[in-house]
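The values are calculated or read from the model by the stated rules, or taken from the named source; none is laboratory data. Note that the coordinates shown come from a computational prediction; the quantities given were computed from them, not determined experimentally. Cβ sites come from the backbone with ideal geometry, for glycine too, and all protein chains shown count toward neighbours. What goes into the accessible areas is simple: the full protein's heavy atoms, side chains included, and nothing from ligands, DNA or RNA. Shrake-Rupley method; radii C 1.70, N 1.55, O 1.52, S 1.80 Å.
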Amino acid sequence: MKNIIEKRMILATNSSRRVALLKTLGYCFDIIPHNIQESIPRNVLPTDLVQNLAFMKANDVAERVNNAIIVSADTLVFHKKNIIGKPKDARDAKRILSLLSNSEHSIFTGVCIIEMPSKKKLLRNEQTRITMRYISEEEIEAYIQSGEPMDKAGAYAIQGEGKKFIEEIDGSYSNVVGLPLELVLEMLRNFIKDANAEKF
């Protein structure tokens with residue numbers, strides 16, 4: 001894909017998976033990690049939560065650059081209205097996988113684009129529903145031994161061995177990995193046209 005953005009583009013992230021995903025769209029971009037310590041308040045809608053966190057990440061980097069388009073994202077896993085984060089240890093990974101086994105959960109990602117110095121922004125979100133099959137205790141133990149679950153929200157990687165536990169995907173596959181590419185592409189195109197962008 002031809003790079004249609006002439007201005008410097010920055011991905012505000014600490015995630016190597018998001019870097020790899022955005023590269024597949026063919027854009028040239030720099031990487032500047034954000035310095036946001038994520039705080040998860042209670043009683044906030046998932047869509048609002050991920051969008052707010054994505055904005056905080058983009059804004060953190062925007063304050064350090066003069067002339068650029070900044071893209072950021074935040075992804076959270078929700079199971080029965082509860083946030084499922086990354087496992088603290090092997091025991092916690094087993095708890096999470098047992099919880100997700102034979103049930104449905106949702107992946108929400110907020111995406112924010114900010115242009116500097118105009119301070120125009122776009123905020124959107126994407127939801128993907130995942131149905132997991134029943135996972136036996138033996139399968140869970142073997143998967144944990146592989147080490148793959150330990151740095152993943154939801155304790156599995158859909159792009160890795162974790163895909164064998166997935167029964168159905170309703171929505172964007174790349175959203176589950178960490179960046180909804182279809183949404184990002186649409187937002188970038190709209191942003192370039194200066195459509196639906198507002199100052200913050």
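Restricting the search to the range 80-110, which residues are open to solvent by less than 10 Å² (accessible area, probe 1.4 Å) and over 20 Å from Glu161 (Cβ atoms)?
Hits for the range 80-110 are Thr109, Gly110.
I'd like the full set of residues that are open to solvent by 20 Å² or more (accessible area, probe 1.4 Å), in contact (Cβ under 8 Å) with a residue 12 or more places away in the chain and over 16 Å from the mean Cα position of the chain (by Cα), limited to the range 153-168.
Within the range 153-168, the subset open to solvent by 20 Å² or more (accessible area, probe 1.4 Å) is 153, 159, 161, 163-164, 166-168.
When the remaining residues are screened for being in contact (Cβ under 8 Å) with a residue 12 or more places away in the chain, the result is 153, 159, 161, 166-168.
Scanning the range 153-168 gives Glu161, Ile166, Glu167, Glu168.
Looking only at the range 55-81, count how many residues are within 20 Å of Arg129 (Cα to Cα) and either more than 17 Å from the chain's Cα centre (by Cα) or in a loop (DSSP other than H, G, I, E, B) (or both).
Residues that pass the stated criteria total 2.
What do you reckon, is Thr109 free of Cβ contacts under 8 Å to residues at least 60 places away in the same chain and in a strand (DSSP E or B)?
Against the criterion (free of Cβ contacts under 8 Å to residues at least 60 places away in the same chain and in a strand (DSSP E or B)), Thr109 does not qualify.
Of all the residues that make up the range 42-79, how many are within 23 Å of Leu188 (Cβ to Cβ), of a type in the set (Phe, Trp, Tyr) and open to solvent by less than 30 Å² (accessible area, probe 1.4 Å)?
Counting residues in the range 42-79 that are within 23 Å of Leu188 (Cβ to Cβ), of a type in the set (Phe, Trp, Tyr) and open to solvent by less than 30 Å² (accessible area, probe 1.4 Å) gives 0.
Of the residues in the range 174-195, how many are open to solvent by 80 Å² or more (accessible area, probe 1.4 Å) and touching a helix residue (DSSP H, G or I) at 6+ places or on another chain (Cβ under 9 Å)?
Number satisfying all stated conditions: 1.
How many residues, within the range 111-134, are surrounded by fewer than 18 Cβ atoms within 10 Å (Cβ to Cβ) and among the β-branched types (Val, Ile, Thr)?
The qualifying residues number 1.
Applying the selection to the range 80-113, what residues are modelled with pLDDT under 95 and touching an Asp or Glu at 6+ places or on another chain (Cβ under 8 Å)?
If the condition is that a residue be modelled with pLDDT under 95 and touching an Asp or Glu at 6+ places or on another chain (Cβ under 8 Å), then Lys86 is the only one that fits.
Whether any residue in the range 85-104 is among the polar types (S, T, N, Q) and under 20 Å from Leu49 (Cα atoms) is what I want to check.
no
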